[in-house]
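A.B. asks: Below is one structure. I have some questions about it.
Computed from the coordinates by the stated procedures, all read-outs in this text should not be read as laboratory data. The shown structure was predicted, so the numbers you read here are calculated from the model rather than taken from an experiment. Cβ placement follows ideal geometry from the backbone for every residue including glycine, while neighbour counts extend to all protein chains displayed.
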Amino acid sequence: MRAEAKPKIINRLNRIEGQVRGIVRMVEDDRYCVDVLAQIQAVRAALARVESEVLKDHLDHCVMGAMTGDDLADRKTKASELIELLGRASR
């Protein structure tokens, strides 16, 4: 991961962690189920945005570096990793 992307990702993950702790408190306080579900959906959306940012960074940095480099084995490895990752994401 690029050094400039890391603080942004960590900040987002810390906020998501706080959201999850808030959901725990909501459940402990017997809050209305629809409200809890709305917060769970918000966390899922936030995680999807983080996932997208990490994937973009990976493509821009790791994959692009391998594809423009001279190491054929590295290119094949990065392509295989990407195919596997996208396959897991579609399940």
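A.B. asks: Looking only at the range 39-50, filter to residues that are farther than 22 Å from E4 by Cβ and without any contact (Cβ under 8 Å) to a residue 12 or more places away in the chain; which one of those is farthest from the chain's Cα centre (by Cα)?
C.D. replies: Looking at the filtered set, the residue picked out is Q41.
A.B. asks: Which residues, taken from the range 25-40, are of a type in the set (A, V, I, L, M, F, W, C) and loosely packed, with under 10 Cβ neighbours inside 10 Å?
C.D. replies: V34
A.B. asks: Follow-up. Give the residue, chosen from R2, R88, R31, that is of a type outside the set (A, V, I, L, M) and assigned to a helix (DSSP H, G or I).
C.D. replies: R88
A.B. asks: List every residue pair whose Cβ atoms sit under 6 Å apart, with the two residues 6 or more apart in sequence or on different chains, where the first one lies in the range 51-74 and is more than 18 Å from I10 (Cα to Cα) and the second, anywhere, is small (G, A, S).
C.D. replies: Close Cβ pairs (under 6 Å, with a partner that is small (G, A, S)) amount to D74/A66.
A.B. asks: Go through (1) under 23 Å from S90 (Cα atoms); (2) surrounded by 14 or more Cβ atoms within 10 Å (Cβ to Cβ) one by one and return the number of the condition E51 breaks.
C.D. replies: So E51 meets the others, but not (2).
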